[in-house]
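For reference, the structure is listed below as structure tokens.
Quick note: the coordinates plus some simple rules give every number you see, no bench work behind them. Fair warning: this is a prediction, and the values are worked out from it, not measured in the lab. Heads up, the Cβs are rebuilt from the backbone with ideal geometry, glycines too, and the neighbour counts pull from every protein chain shown.
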Amino acid sequence: MADGFEKALEVPVDFVKDGSAFVRKCTKPSQKEYVQIIKAVGAGFIAMGVIGYGIKLVHIPIRYLIV
Amino acid sequence: MPIINVPHHPSTSISSPTNQKYHTMAKFRLLDLVKPFQHGLPEIENPVSKAHLSFDDRMLYSIGIAIFFVFSQLPIYSVTSVNSDPFYQFRPLFAAERGTLDEFGLLPIITAGFFWQFLSGFRLINVNFNVKSDRGYFQSLQKLTAIFLGGVYAFALVFLTDYYNPTSKFAGAIDYNISSTTADAVVNVSSNIGEKFLIWFQLFVYNFLLTMIVEILDKDYGFTSGSLFLIGANVSVTFMTGVIDFTTIKTGKGYEYRGVFIQLFIIVKNAFGSLFSSSSKSNFFYEIVHLFNRSSLVNLKQVLFGVIAATLLFYLQAFHQAVPIKSKQIKTQAQSYPVKLFFNGALPIIFAYSVLFNLKIFSYVSYKFLNFTTLGSSLIAIVIAQFESSSSLVQSIIKLIVGEFSSDSFNPTFSKAYQTSGIASYFQAPTSFTGAILNPINTVVYSASLAGLIMFFALSWTKMSGSSGKDVADFFSKQNITILGKRDANVAHYFNKIINNACISGGLILAALAVIFDFLGCQGLPTALVVSILIIFNFLESFFTELQQSGGSSLYNTAFGGQDKLFGQ
């Protein structure tokens, strides 16, 4: 029983080992780059969401008209 | 400017497989089944050439289609109300809006694409992707399956369950003439079928149109895979709407603002107001806890974890290992080929959830069909009659397989249906944090299967889509490119190892995020946000690559000048 359990755990443990080795070797963004990414993509995400929300807001009365 | 043409992660698009091996086929192929449909099936024509379609045009197509998609979430004509919602967990991720034409959202398209990709990737069907006609057939097969699946899901939900409550518009008109009760009953039944057919027809036609629209973006008019782009756009709209919507709606608690931040602002304002007046006491903590946990609208918990996930993802998605590469023919400086941490993008999560979504549809429809329709219950009666000696055993087996749903019924507009028993209920996300702790077996089984599915797709997608280490190495050897300081023979081995490790670590992170969010009872929104951010980054990557290649002739060059370094290689 204990053997089977250990074997079942072997695969995830190997995954974690390989995965963390890969992450350790990765090039990571510097703080400056990180802030830039957050600014650029965050602004884009929020802008897209707000525009979509505006469309939905316009959309609600139209829904009542046509359905 | 890149001189060596490096493939830009072909793995992150669903519908265009790249390097598949040639297979000679001797016998009948499944692909031949599409041939008769090929001429009847409408098809989006490829743009004459990429040069004809300017960068700005493609941007316009993408934005226009995203806007169209938001507009298209219309309520279904002749439906008065819908029953409690069994698919709440999957709605943000698949852009499936309850009670609208988008009832299943992008699920049919994603399921169809992924199903055939899976079969061809594991060589269960023969497709020769080097031949143009085969590629065409394969695309038609995916399209046909998507349209068919949309019809099947809609049929199951409309005719086999009582999910929709149709109005009786037709019956009202006939009532004048027929007064006897028996005739009334006949009219009711027939009109009911007519109305149900009307609902089914709307769902079917909309899904057909959506399939075609997604194909527009898939075929070079957009920047990334169409279905993924629409998911990304829709999640950002859903999330922002949940945060800033200032319209109110009546829930179980009274009138509430839909937007979490607006509601929070009102609570804080009321608390301040009650500080200075002795008459009205506002229950500040109760209000905050309710906002944190409310299940009818987007709650504070989802937004909070969404923001945490987003900040984490912004950091993690930039992780990559740069492999130094060099052309063997032209003397150039060494360049780097980045192997990203999220090598498969968001696809593993999307595929894992599409499996669970399909399972949910199946169990919901079979439960409703067997318990609440005359046809279904008589079928059960026949089966039980067959095993007269052990009918109670058979009954309990059927119950175990089919399971049971129950709904929270405090408010029909927001009520949700939860599966309470049966095998499939173990593959249902915990409904809340306390629910997760109280049902440890359910939680463990669900988490393990979700993580297992995500890991499986993370590891196998590269092989299925033709972007595994071997395929990348083949591509490089064709282009006469080699890794700096490695012999040609070792290139494939090297890429295999590095890409496999990238898939493992990326898959582990995605699986951990998805499991944690479901464990906390976030009901899918933060996970959808994770997916959408990965999609947006993938979009921006190809956007800026194209922007560079368009050579400054675009409107957007001035707007985004200098930012391409963030996303380019």
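If each residue's Cβ is checked for other Cβ atoms within 10 Å, how do B:522, B:503, A:26 rank with the fewest at the top?
A:26, B:522, B:503
Please list, ordered by chain and number, the residues whose modelled amide H lies under 5 Å from the amide H of residue B:245; skip anything fewer than 5 residues away on the same chain.
Here the answer is B:259, B:260, since their amide H atoms fall under 5 Å of that of residue B:245.
Express the relative contact order of chain B as a whole percentage, based on alpha carbon pairs under 8 Å and six or more residues apart in sequence.
Value for chain B: 21 percent.
For region B:103-142, what does the convex hull of the Cα positions come to per residue, in cubic angstrom?
Expressed per residue, the convex hull around the Cα atoms of region B:103-142 is 59 Å³.
Explain nothing, just the number: relative contact order of region B:309-406, from Cα pairs under 8 Å at least 6 residues apart, as a whole percent.
RCO, region B:309-406: 17 percent.
Within a 10 angstrom radius of the beta carbon, how do B:53, B:74 rank from fewest other beta carbons to most?
Least crowded to most crowded, the residues run B:53, B:74.
Hey, any idea what Rg/Rh is for region B:201-303, computing Rh the Kirkwood way over Cα pairs?
With Rg and the Kirkwood Rh in hand, the quotient comes to 1.22.
Taking amide H positions as placed in the peptide plane 1.01 Å from N, state which residues far from residue B:323 in sequence (5 or more) or on other chains have amide H under 5 Å from it.
Hits under the 5 Å cutoff: B:337, B:339.
Could you work out how far helix B:284-293 tilts from the main Cα principal axis of chain B, as a 0 to 90 degree angle to the nearest 10?
The answer is roughly 70 degrees.
How many Cβ atoms of partner chains, on average, are near each residue of B:335-348 if near means within 10 Å of its Cβ?
1
Report the Cα centroid-to-centroid distance between region A:1-48 and region B:367-406 in angstrom, as an integer.
For region A:1-48 versus region B:367-406, the Cα centre distance is 46 Å.
Please name whichever of B:54, A:65, B:480 sits farthest to the positive end of the charge dipole of the protein assembly as shown, dipole taken about the Cα centre and charges placed at Cβ: Lys and Arg +1, Asp and Glu -1.
Comparing the listed Cα positions along the dipole, B:480 ranks first.
Report the label-to-label distance for residue B:133 and residue B:192 in nanometres (one decimal), using points 7 Å from each Cα along the Cα→Cβ vector.
That separation, rounded to one decimal, is 5.1 nm.
For region B:338-411, taking Cα atoms only, what is the radius of gyration to one decimal and the Dmax to the nearest whole Å?
Just the Cα atoms of region B:338-411 yield Rg and Dmax of 19.4, 66 Å.
Calculate one ³J(HN,Hα) per residue across region B:338-345 by plugging θ = phi - 60° into the Karplus curve 6.51 cos²θ - 1.76 cosθ + 1.60, and present them in order as whole Hz with x for glycine and proline.
Computed from phi, the couplings for region B:338-345 are x, 9, 7, 4, 8, 5, 9, x Hz.
Explain nothing, just compute: Karplus ³J(HN,Hα) = 6.51 cos²θ - 1.76 cosθ + 1.60, θ = phi - 60°, for every residue of region B:141-153 in order, whole Hz, x for Gly and Pro.
4, 4, 5, 4, 5, 4, 5, 4, 4, x, x, 5, 4
Between B:450, B:325, B:411, whose Cα lies farthest towards the positive end of the dipole of the protein assembly as shown when Lys and Arg beta carbons carry +1 and Asp and Glu beta carbons carry -1, centred on the Cα centre?
B:325
Ranked by Cβ crowding within 10 angstrom, fewest neighbours first, how are B:320, B:39, A:59 ordered?
Fewest-to-most ranking of B:320, B:39, A:59: B:39, A:59, B:320.
The protein assembly as shown: percent of C-alpha pairs farther apart than 32 Å?
For the protein assembly as shown, the share of Cα pairs beyond 32 Å comes to 55 percent.
How do B:487-498, B:59-70, B:462-473 rank on mean C-beta neighbours within 10 Å, highest first?
B:462-473, B:59-70, B:487-498
For region B:288-366, what's the relative contact order in percent, using C-alpha pairs closer than 8 Å and at least 6 residues apart?
Across region B:288-366, relative contact order equals 18 percent.
What number do you get for region B:278-362 when its Cα radius of gyration is normalised by 2.2 N^0.38 Å, N = residues?
Its radius of gyration relative to the 2.2 N^0.38 Å reference: 1.99.
Cα centroid distance between region B:506-527 and region B:101-132, in Å?
Cα centroid to Cα centroid, the span is 25 Å.
I want to check the label-to-label distance for residue B:486 and residue B:372. Put each point 7 Å from Cα in the C-beta direction and report it in nm to one decimal.
For residue B:486 paired with residue B:372, the spin-label model returns 5.7 nm.
Relative to the first principal axis of the alpha-carbon coordinates of chain B, what is the inclination of helix B:374-386, with its axis defined by its Cα atoms, in degrees from 0 to 90 and to the nearest 10?
Tilt of helix B:374-386: around 90 degrees.
From the Cα trace of region B:372-420, what convex hull volume per residue do you get, rounded to a whole Å³?
For region B:372-420, the hull spanned by Cα atoms encloses 82 Å³ per residue.
Determine which residues of region B:236-276 fall in the zone a paramagnetic label at residue B:286 would reach in this model, i.e. backbone nitrogen under 13 Å from the point 7 Å along Cα→Cβ.
Output list for this probe position: B:253-254.
Stokes-Einstein at 4 °C, 1.567 mPa s, Kirkwood radius from Cα pairs: D for region B:425-499 in µm² s⁻¹?
In µm²/s, the coefficient is 85.
Running Debye on chain B with equal point scatterers at the Cα sites and no solvent, what base-10 log of I(q)/I(0) appears at q = 0.05, 0.07, 0.10, 0.13 Å⁻¹?
Relative scattering, expressed as log10 I(q)/I(0), comes to -0.25, -0.49, -0.97, -1.48.
Counting only pairs 8 or more places apart or on different chains, how many lysine pairs in chain A have C-alpha atoms closer than 27 Å?
The result is 6.
Taking the alpha-carbon set of region B:468-539, what are its Rg and Dmax in Å?
Calculated on Cα positions, Rg and Dmax stand at 17.5, 51 Å.
Which FRET efficiency value, to the nearest 0.05, do you get for residue B:63 and residue B:393 by plugging their Cβ-Cβ distance into 1/(1 + (r/R0)^6) with R0 = 56 Å?
0.40
In degrees, nearest 10, range 0 to 90: what is the angle between the Cα axis of helix B:391-402 and the longest Cα principal axis of chain B?
Computed tilt is about 50 degrees.
When the Cα atoms of region A:14-67 are enclosed in a convex hull and the volume is divided per residue, what value in Å³ results?
Here the figure is 118 Å³ per residue.
Output ³J(HN,Hα) for region B:55-60: one whole-Hz value per residue in order, computed from phi by the Karplus curve 6.51 cos²θ - 1.76 cosθ + 1.60 with θ = phi - 60°, and x for Gly and Pro.
Going residue by residue, I get 4, 5, 4, 5, 4, 4 Hz, with x marking Gly and Pro.
For chain B, what does -39500 (n - 2.57) per DSSP helix run (n ≥ 4), summed and divided by total residues, give at 222 nm, in deg cm²/dmol to the nearest 500?
Value at 222 nm, helices only, nearest 500: -19500 deg cm²/dmol.
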